[in-house]
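See below for the structure under consideration.
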Amino acid sequence: MLRALATLALCAALVGCQSVATYFGGDAAPGGSPLYDAGADDAGDATRPDGPDIPDGPPTPDGPLDAQLPRGPCAPAEIFRQSLNEESFDLSLDSLGQPHVVYLSDLLIASGIYHGVGTSSSWNTADIGLSLTLTRLAGIVDGTDRLHLLYGAASSGPVYRVRDATSAAWSVVDTLDDQLIRTDSVSLTTDTTTGTVYGAVSGRSLFESAIQRFSLEAKSSVPFICAPAPVQQSLRLFAVAQGTDLLEVRDTAAQAWLLIKPLASHCTNDTAAKLNRAYGNLDAVAFQPASTIAHLAHVDVSTSQLAHARYDVTGANLPSYSPVAAGTQVTSSMLAVTYDQLTRSTVIVYGDRGSNELRIARSIDGGMTWSSTKLVASTITAGARVRAIANAGRLHVLWRENTDLRYVCHSL
């Protein structure tokens, strides 16, 4: 109890009582309920009121229960100052389940790329020593705790860097194909089955818009670089990989595209995709660990309503969407979906346009029904990006509010 009160006092000093009103089960906004105390189950998960009992036994079709990282810490709520823009920060977990934040800062006295690692009691955040003029950044930590960075700008092509957790030297520094002279969007993802990291860059060469894809196998220092593929200009790009398949989502000026491709064919032209589908708006995708099940979330363009689909990527049918948080108008850019294998929870984090709140919707039956929404933060900035990762009963959330990044963690 004393630890919870001390952390609550720290949160209030850093971000204000209302910004994390429910971090320790405080007052929720009308229509919601407080999130469960993130520290209450540290002693052994004796209770978890929002989740189902998880039976012992063989793996289910949705994947084995141990297909996840170790149960890492819920790091304290934190503010990372002066994040450059909506496309310049990332969130990942290392092999111990610890959260890592990578972001671009434009502070006059301390601009550059910063890397933060969260423990149960504090954050260790430092400038990683790259003073560059950038506008786009993706950064993740892989299963061997190597740090991967992919970055660029409107006036420069992409650069890919990798370094070991125990070294300050970069084992990989690669400008990829060198044909792209402008970087519009970047994405990194790890296949947890093999440890291979997959990257993609949307940008422009001298003659056309294109996507540059590449991969780096676990412990390798030589990335495999695909030839650039000409596509319509992509304003935002992200992908997730698992087992045998890669899901790639691209937002253009007119619509969003969802592609599902075999990992072995991730370099191939989009026409070779198992699914190549145009949507009015598609904003978030996530795999269930060690399964072929993907969770898709998007916002209807005409109604601003949030919808979800549970989709088997090996199937021939198109995703079938059902509404989430009916009656709520959602900011499409403030949307993340993630899946927790321990509690069998599908979790959607979204921005409510009506109340300017960041909220959570959760389902424990694959999206057929959803619990009442819960408040993460109030008075958010409309249109701010959000990242979310669920693992072993913990939900890590990172979002940009005004010019700062804010992180909170909750138990599911």
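Selection over region 124-153 of residues that are without any contact (Cβ under 8 Å) to a residue 40 or more places away in the chain, closer than 24 Å to Ser185 by Cβ and part of a loop (DSSP other than H, G, I, E, B) gives a count of 6. Which of the residues spanning region 315-353 are without any contact (Cβ under 8 Å) to a residue 60 or more places away in the chain and β-branched (Val, Ile, Thr)? Hits for region 315-353 are Val324, Thr328, Val330, Thr331, Val337, Thr338, Thr346, Val349. Considering each residue of region 384-392 in turn, none proves to be part of a strand (DSSP E or B), touching a strand residue (DSSP E or B) at 6+ places or on another chain (Cβ under 7 Å), surrounded by 24 or more Cβ atoms within 10 Å (Cβ to Cβ) and touching a residue at least 60 places away in the same chain (Cβ under 8 Å).
Among the strands (runs of 3 or more DSSP E) confined to region 195-244, the ones with at least 2 residues that are surrounded by 15 or more Cβ atoms within 10 Å (Cβ to Cβ) and at pLDDT 85 or above are located at 197-204, 209-216.
Taking the numbered list (1) touching a residue at least 60 places away in the same chain (Cβ under 8 Å); (2) in contact with a Cys (Cβ under 6 Å, 6 or more places away or on another chain) in turn, Leu216 passes all entries but (2). Within region 344-370, restricting attention to residues that are surrounded by fewer than 24 Cβ atoms within 10 Å (Cβ to Cβ), of a type in the set (S, T, N, Q) and modelled with pLDDT of 90 or more, the residue that is farthest from Tyr407 (Cα to Cα) is Thr369. Of the residues making up region 300-339, those that are touching a Pro at 6+ places or on another chain (Cβ under 9 Å), closer than 21 Å to Val240 by Cα and not aliphatic (A, V, I, L, M) number 4.
Scanning region 169-188 for residues that are modelled with pLDDT of 90 or more, within 12 Å of Tyr151 (Cα to Cα) and among the small types (Gly, Ala, Ser) returns a single hit, Ser187.
The values are calculated or read from the model by the stated rules, or taken from the named source; none is laboratory data. All of these numbers come straight from a predicted model, not from anything done at the bench. Don't worry about glycine lacking a Cβ; one is built from the backbone with ideal geometry, like all the others, and counts go over all protein chains shown.
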